[in-house]
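Have a look at the structure below, then the notes.
The numbers here are math on the coordinates, done by the rules we state, and not lab data. Because the structure is predicted, anything quoted here is derived from the model rather than measured. Positions of Cβ are backbone-derived with ideal geometry, glycine not excepted, and every protein chain shown enters the neighbour counts.
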Amino acid sequence: MTYAHRMVALGVAGVLAVGVTASGCATPWFGRSQSHADAPDAPTSSTDLKLATVTYLNGLCKLPNEQRNPLVRELNESLLPNHAVISCGRGGE
C-alpha cells in the first residue's frame, strides 16, 4: 500500500469517525431509551432547594431599592458566618 493510499484511507476513516460521532450526538441512539426520554426527571430535594433559592433571590432583586436593601442586608448578616455575600448587581437586576 503506497503512502497516498494510506493517507486516503486515513482521511476516509477520520471523516467516518466524525460522522458517526456527530450522528450519535444528534440522535437518541446512544442516549436514553425513547420511553425515558419523554418522561420528566424526578425532582430531588437538592434541585427543589436550588430552584427555591434562585426564585427567592430573583424576587428579592426585583424589589424596589427601599424594600430590597433591608432584606439583602438581613440576608447577608445571616450568611456572614459562612463568608458569603449576596448582591443584586449594579442595577439591582
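Projecting label points 7 angstrom from Cα along Cα→Cβ for residue 65 and residue 79 puts them 2.1 nm apart.
In this calculation the C-beta distance from residue 21 to residue 46 is compared with R0 = 22 Å, giving a FRET efficiency of 0.10. Annotation: extensible slack from residue 6 through residue 54 equals 11.7 nm (criterion: 0.36 nm per residue apart, minus Cα-Cα distance).
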